[in-house]
């Protein structure tokens with residue numbers, strides 16, 4: 001028998017469920033119905049049971065085990081979807097077309113590319129920008145009315161600054177959007193391993209359809225929502241969906257649910273796809289901490305500026321309407337019918353312009369521009385290292401990190417190599433393996449070869465390469481006649 005690091009696996013043939021039939025709804029009701037016979041393993045109260053496509057979607061999203069039992073568990077759903085647990089779907093053009101039409105594709109409808117004016121509009125509707133525009137318009141109007149052609153300076157300078165901020169923000173986002181469109185084709189070329197028509201093949205992730213049987217190993221992304229079929233020591237990182245950092249153990253009995261977009265952290269498995277595209281689990285993007293703090297600060301400053309501006313406006317209006325004596329500039333107060341209408345309008349306009357100036361000074365108008373320029377500069381620097389930001393705000397999330405914690409030093413490239421080997425209690429560093437008994441080397445070869453045949457995890461791949469290069473082992477014919485009884489996936493926590 002091989003070393004304890006390479007124990008073998010025992011497979012159990014899944015129970016077969018009764019045949020189901022498919023019924024496609026009329027065009028006016030775009031739902032897909034699965035009708036199961038009373039003999040299906042549908043759990044308590046089984047009988048005639050109808051399952052809509054939306055129910056299949058909620059099955060994994062809600063991790064509803066009761067519903068899974070009523071549907072006949074993995075075996076019943078696989079039979080209902082005309083998918084063989086070992087051979088997968090038929091995979092012909094007609095079959096793929098039918099599944100895509102009924103269940104949808106694994107790609108979301110891409111919105112039309114945004115033009116320049118869309119980004120300009122998004123920048124203009126910012127509350128801070130809107131307040132600045134209103135203040136600029138007031139200062140511009142009253143300034144020209146009071147001082148003629150020389151009265152546009154205050155309002156015009158604010159207006160020019162606002163237009164500059166809007167232009168820079170729109171240009172940065174427009175350029176980033178174009179870069180993302182160019183690289184989106186690369187991200188869509190992620191390959192996943194599936195079984196179709198009893199043949200194992202690799203297909204683009206966007207070509208996955210409902211009913212596909214997908215192979216998962218360490219480092220793979222779960223391509224769609226689905227159910228665990230069989231595997232060994234599967235741990236999944238669901239932080240991208242749930243926000244929780246703890247790894248989730250997935251197995252057939254207690255938690256067979258796999259969420260789209262999650263990552264396989266350990267182990268290997270096979271899954272059956274139940275939902276694709278827009279029907280899969282999605283996570284709303286929350287506001288980043290820095291954005292939340294800046295928004296809170298900006299709102300506080302805006303409220304403070306409006307309050308001070310209102311107090312200045314009220315004080316000057318009260319002074320204007322209650323005092324008759326001229327002020328230091330020679331402007332007289334309101335004196336009923338003795339005051340000309342034009343003089344009153346000009347004076348009140350000046351008072352409003354003064355209050356608006358106070359508001360403009362209090363509002364951090366340069367903050368949006370500063371944030372945009374910092375984000376754009378960071379994104380440009382990251383592009384030089386072949387890293388594309390899907391959103392400019394991601395750079396502040398990354399910049400806020402102070403410590404990166406990892407269970408192993410291999411997380412950077414997900415590539416490993418054997419640096420030291422021990423046989424028994426003796427290190428083989430610098431020694432020849434010819435001194436090792438042939439029976440031990442044979443067991444080692446069998447264990448490595450069997451593990452490589454089950455999983456292509458980075459650790460198994462590294463051990464396999466070490467055996468071929470250092471021990472000159474022939475792995476092709478070393479496992480003939482051997483029966484796999486049980487498997488424990490390689491794990492750094494166990495040291496192998």
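The values are calculated or read from the model by the stated rules, or taken from the named source; none is laboratory data. The structure displayed is predicted, hence computed values, not measured ones. Because the Cβ atoms are built from the backbone with ideal geometry, glycine has one as well, and the counts that use them run over all protein chains shown.
For region 377-397, which positions are modelled with pLDDT under 70, part of a loop (DSSP other than H, G, I, E, B) and more than 16 Å from residue 178 (Cα to Cα)?
393
Could you say whether any residue in region 435-456 is at pLDDT 70 or above, assigned to a loop (DSSP other than H, G, I, E, B) and either touching a strand residue (DSSP E or B) at 6+ places or on another chain (Cβ under 6 Å) or farther than 26 Å from residue 270 by Cα (or both)? Let's see the steps before the verdict.
Taking region 435-456 first, the residues at pLDDT 70 or above are 435-451.
When the remaining residues are screened for being assigned to a loop (DSSP other than H, G, I, E, B), the result is 436-437.
Checking the rest, the ones that are also either touching a strand residue (DSSP E or B) at 6+ places or on another chain (Cβ under 6 Å) or farther than 26 Å from residue 270 by Cα (or both) come to 436-437.
Within region 435-456, one or more residues are at pLDDT 70 or above, assigned to a loop (DSSP other than H, G, I, E, B) and either touching a strand residue (DSSP E or B) at 6+ places or on another chain (Cβ under 6 Å) or farther than 26 Å from residue 270 by Cα (or both).
Give region 465-482 a look and list any residue that's at pLDDT 80 or above and in contact with a helix residue (DSSP H, G or I) (Cβ under 6 Å, 6 or more places away or on another chain), or say none.
Correct list: 467 only.
With surrounded by 21 or more Cβ atoms within 10 Å (Cβ to Cβ), touching a residue at least 12 places away in the same chain (Cβ under 8 Å), farther than 26 Å from residue 209 by Cβ and over 28 Å from the mean Cα position of the chain (by Cα) as the only criterion, which of 155, 141, 76 stands out?
Details: 141 fails: surrounded by 21 or more Cβ atoms within 10 Å (Cβ to Cβ); 76 fails: farther than 26 Å from residue 209 by Cβ.
Of 155, 141, 76, the one residue that is surrounded by 21 or more Cβ atoms within 10 Å (Cβ to Cβ), touching a residue at least 12 places away in the same chain (Cβ under 8 Å), farther than 26 Å from residue 209 by Cβ and over 28 Å from the mean Cα position of the chain (by Cα) is 155.
Give the number of residues within region 188-197 that are more than 21 Å from the chain's Cα centre (by Cα) and under 24 Å from residue 267 (Cβ atoms).
Qualifying residue count for the region: 4.
Can you tell me which residue is surrounded by the fewest Cβ atoms within 10 Å (Cβ to Cβ) among those in region 99-114 that are modelled with pLDDT of 75 or more and more than 18 Å from the chain's Cα centre (by Cα)?
Only one residue fits best here, namely 101.
Let me confirm something: among 402, 419, which residue is closer than 30 Å to residue 177 by Cα, at pLDDT 70 or above, part of a loop (DSSP other than H, G, I, E, B) and out of contact with any strand residue (DSSP E or B) (no Cβ under 8 Å at 6 or more places or on another chain)?
Among 402, 419, only 402 is closer than 30 Å to residue 177 by Cα, at pLDDT 70 or above, part of a loop (DSSP other than H, G, I, E, B) and out of contact with any strand residue (DSSP E or B) (no Cβ under 8 Å at 6 or more places or on another chain).
From 186, 165, which residue is modelled with pLDDT under 85 and more than 30 Å from residue 356 (Cα to Cα)?
On inspection, the qualifying residue turns out to be 186.
Any residue in region 88-113 that is more than 30 Å from residue 177 (Cα to Cα) sitting within a Cβ distance under 7 Å of a residue that is in a helix (DSSP H, G or I) and at pLDDT 85 or above? List the pairs, counting only those 6 or more apart or interchain.
Between residues of region 88-113 that are more than 30 Å from residue 177 (Cα to Cα) and residues that are in a helix (DSSP H, G or I) and at pLDDT 85 or above, the close pairs are 89/95.
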